[in-house]
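Written out below as structure tokens is the structure these notes cover.
Any read-out appearing in this document is the output of simple, stated calculations on the displayed coordinates, not a laboratory observation. Bear in mind the structure is a predicted one, so any value in this text is a computation, not a measurement. With ideal geometry, Cβ positions are generated from the backbone for all residues, glycine too; neighbour counts draw on all protein chains shown.
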Amino acid sequence: MGISTIDAGKLKNAFLAGAKGLEAKKDWINELNVFPVPDGDTGTNMTLTIMAAAREVAELENPTMDQLAKAISSGSLRGARGNSGVILSQLLRGFTKEIKSVTEIDTTTLANAMVRGTETAYKAVMKPKEGTILTVAKGMSDKALEMASKTDDIEEFAREVIAYGDYVLDQTPEMLPVLKQAGVVDSGGQGLMQVVKGAFDGLTGRMADVSLDAVPEQKGPAAQKPQAASLTDIDTADIKFGYCTEFIINLEKDYSDQDENQLKSYLESIGDSLVVVSDDEIVKVHVHTNHPGLAFEKALTYGSLSRMKVDNMREEHQERIIKDSERLAREQAAGNDGDVGQPSNERKTYGFIAVSSGDGLSEIFKGIGADYLIEGGQTMNPSTEDMLNAIDKVNADNIFILPNNKNIIMAAQQARDLTEDKNIIVIPSKTVPQGITALVNFMPDLSAEDNLAAMTEEMDNVKTAQITYAVRTTNIDGMEIEEGDIMAIGDHGMLAAGKSVERVAMDALKCMLDDDCELVTVYYGSDVVENAAKALVSQAEQMYPDKEIELQYGGQPIYYYMISAE
């Protein structure tokens, strides 16, 4: 006779076994990512998500079903990383809502819980695609309903559901052409199957050891705490231009493209970190300079000034060091582990959180107004918990979050939905250049809703290419790519591939640039020397003399270059 019911103790073991089943295959699942990039992270994201819940579950001794449901739901919700992790957390959230009020689970309850989990996950995704983890979940929940009407034997029920899940997973390449091109099944769907199979092994005793002792804590970047925008590792002597100067020009005469170029050239001659954004009536300026008065005088030739703001960065830097030292001393005296950043005492109307990877990119975000930076991005997807911690550090009524990666947007939205005392606005930035453009176009006089619309509209005008290397041989978007090849990945797929970083970058520009593109910005990464980056920009300037091409140090790992065109 098989198993007819599952109590809380059995479910605890099954869940822990499911988590270990996923953890054991995470690297393999990472390799199933469609783009053969070195940061393919579906397996890692799903594992970190479920392990956050597993550790809460493991601490429960003789739990009730309600206690178990809360631990699974809360742990996975707050620990969710990446789109696949967020979807997994929603599957678990819906599942636990169905089981929390019972003492034992039979096949009918199990089927209803799977259906509810699938419905919850579908609702969480703005535009669900078939051929993904959602399709696999739906296939299994449909099969579960069918089996619940046929048997009360949970082992028989589970074997049939798992077999059908495998069948649906095998069909995902037929539903998504990009999977078929790459010759892989959906990585999120495969991750879900590992969870379910592991849980079945735990339930039936095939996995006897469900302790988490053998599972190592996540090392490296993915284990880092979010970092506040810090200047403490910069000497004041390294601050070349000491005054962060911002203002708005209220235009009182015609302001042509030539006028804008002249203004930019002048401001660049007296400073750096220049940002100039214009529309029909105003010009917003940000510049670091030693002579704010000269910047104001030049601006007055175009109109009147408002929102004038000058900060002494050297003085602020010293104050920050003192505050950080005092905070560190307090933390050491209290014996805590050094949580970073403290909320400001003064409540602001607007605050900004950005996800950034690379010291150069972080400096750029700080220079244009980010209050708090979460270390992450391409090689590490911050969790919902990381987002909530960052929100707690920013003392503002309205907080804009810039995820800067399509795989982080859902975690940010989940953090938004869990926040009650602040208005959280998620700008759906899918790349760092989009995030920079969005933040630059924030206007303090506009409402949060109007800024969301304006920032999103401007962000949509940005094209991005990211240059990296292939970790496996594949065929994608009609391109034959060998392991070790250089690839340029655009907003909607592959732009170019080849053997040379510079050649692929130039090919990417050829694909990106059209008559509407005026400004190109090249951010070079930690693995690129400055002279090589300058040579690339010089070559681009010769090929595209009508475009304004800027070079910025990004310091990002994995990606040799990020290139934006707008």
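Using unit Cβ charges (K, R positive; D, E negative) and no other charged atoms, how large, in debye to the nearest 20, is the dipole of the chain about its Cα centre?
That gives the chain a dipole magnitude of about 1360 debye.
To the nearest 20 Debye, how big is the dipole of the range 340-459 about its Cα centre, given +1 on the beta carbon of each Lys and Arg and -1 on that of each Asp and Glu?
For the range 340-459, the charge dipole is close to 200 debye.
If one takes the longest principal axis of the Cα atoms in the chain, at what angle in degrees, from 0 to 90 and to the nearest 10, does the Cα axis of helix 8-24 lie?
Once rounded, one gets 50 degrees.
Taking R0 as 22 Å, what's the FRET efficiency between K298 and S538 from their Cβ-Cβ distance, rounded to 0.05?
0.15
Give the angle, between 0 and 90 degrees and rounded to the nearest 10, that separates the Cα long axis of helix 501-512 from the longest principal axis of the Cα atoms of the chain.
Taking Cα atoms only, the helix is inclined about 90 degrees.
Taking 0.36 nm per residue of separation and subtracting the Cα-Cα distance, what length does fully extending Y167 through L145 add?
Contour length minus the Cα-Cα distance gives 6.2 nm.
If the range 8-218 were replaced by its equivalent ellipsoid, with semi-axes equal to the square roots of 5 times the Cα gyration tensor eigenvalues, what would those be, largest first, whole Å?
25, 20, 15
Gap in Å between the Cα centre of the range 50-127 and the Cα centre of the range 412-452?
Using only Cα atoms to place each centre, the spacing works out to 29 Å.
If the viscosity is 1.567 mPa s and the temperature 4 °C, what translational diffusion coefficient in µm²/s does Stokes-Einstein give for the chain when Rh comes from Kirkwood over Cα pairs?
51
With the dipole of the chain worked out from charges on the C-beta (+1 for Lys and Arg, -1 for Asp and Glu) around the Cα centre, which of G555, L77, A497 lies farthest toward the positive end?
L77
May I ask what percent, to the nearest 5, of DSSP beta bridges between residues of the chain are antiparallel?
Bridges in the chain that DSSP calls antiparallel: roughly 70 percent.
Give the order of H291, H492, H286 when sorted by the count of other beta carbons within 10 angstrom, beginning with the fewest.
Working: H291 14, H492 8, H286 20.
So the residues, fewest neighbours to most, are H492, H291, H286.
How high is the FRET efficiency between N475 and M175 when r is their beta carbon distance and R₀ equals 22 Å, given to the nearest 0.05?
0.75
Hey, what did the chain get for relative contact order, percent, Cα under 8 Å, at least 6 apart?
Dividing the mean separation by the residue count of the chain yields 13 percent.
Which of C244, C511, C517 has the fewest other C-beta atoms within 10 Å, and how do the rest follow up to the most? Intermediate results must be reported in sequence, preceding the final value.
Details: C244 22, C511 15, C517 19.
Arranged by neighbour count, lowest to highest, C244, C511, C517 become C511, C517, C244.
What's the extension gain from K127 to S306 if we count 0.36 nm per residue and subtract their Cα-Cα distance?
60.2 nm
Work through the residues other than V355 whose Cβ is under 10 Å from its Cβ and net out their charges, Lys, Arg +1 and Asp, Glu -1.
-2
Using the Cα centre of the chain as origin and beta-carbon charges of +1 (Lys, Arg) and -1 (Asp, Glu), tell me which of V86, S564, M387 is placed farthest towards the positive end of the dipole.
Working it through, the farthest residue towards the positive pole turns out to be V86.
With a ≥ b ≥ c the root eigenvalues of the C-alpha gyration tensor of the range 463-565, is it rounded (a/c under 1.5), prolate (a/b larger than b/c) or oblate?
Taking the square roots of the gyration eigenvalues as a ≥ b ≥ c, the range 463-565 is oblate.
Please compute the modelled spin-label separation between D445 and L551, points set 7 Å along Cα→Cβ, answer in nm with one decimal.
3.8
Can you give the helix-only mean residue ellipticity at 222 nm for the chain, where every DSSP H stretch with n ≥ 4 adds -39500 (n - 2.57) and the sum goes over all residues, rounded to the nearest 500 deg cm²/dmol?
-15500 deg cm²/dmol
Rounding to the nearest 10 and keeping the result within 0 to 90°, find how far the Cα-based axis of helix 448-459 lies from the longest principal axis of the chain.
The angle comes out near 80 degrees.
Please list 3J(HN,Hα) in residue order for the range 288-300, calculated via the Karplus relation 6.51 cos²θ - 1.76 cosθ + 1.60 where θ = phi - 60°; whole Hz, with x for glycine and proline.
Coupling constants for the range 288-300: 9, 8, 8, 9, x, x, 5, 5, 5, 4, 5, 5, 5 Hz.
If each residue's Cβ is checked for other Cβ atoms within 10 Å, how do V178, V185 rank with the fewest at the top?
V178, V185
Can you give the log10 of the normalised intensity I(q)/I(0) at q = 0.12, 0.20 Å⁻¹, computed with Debye over equal Cα scatterers of the range 340-459?
-0.35, -1.09
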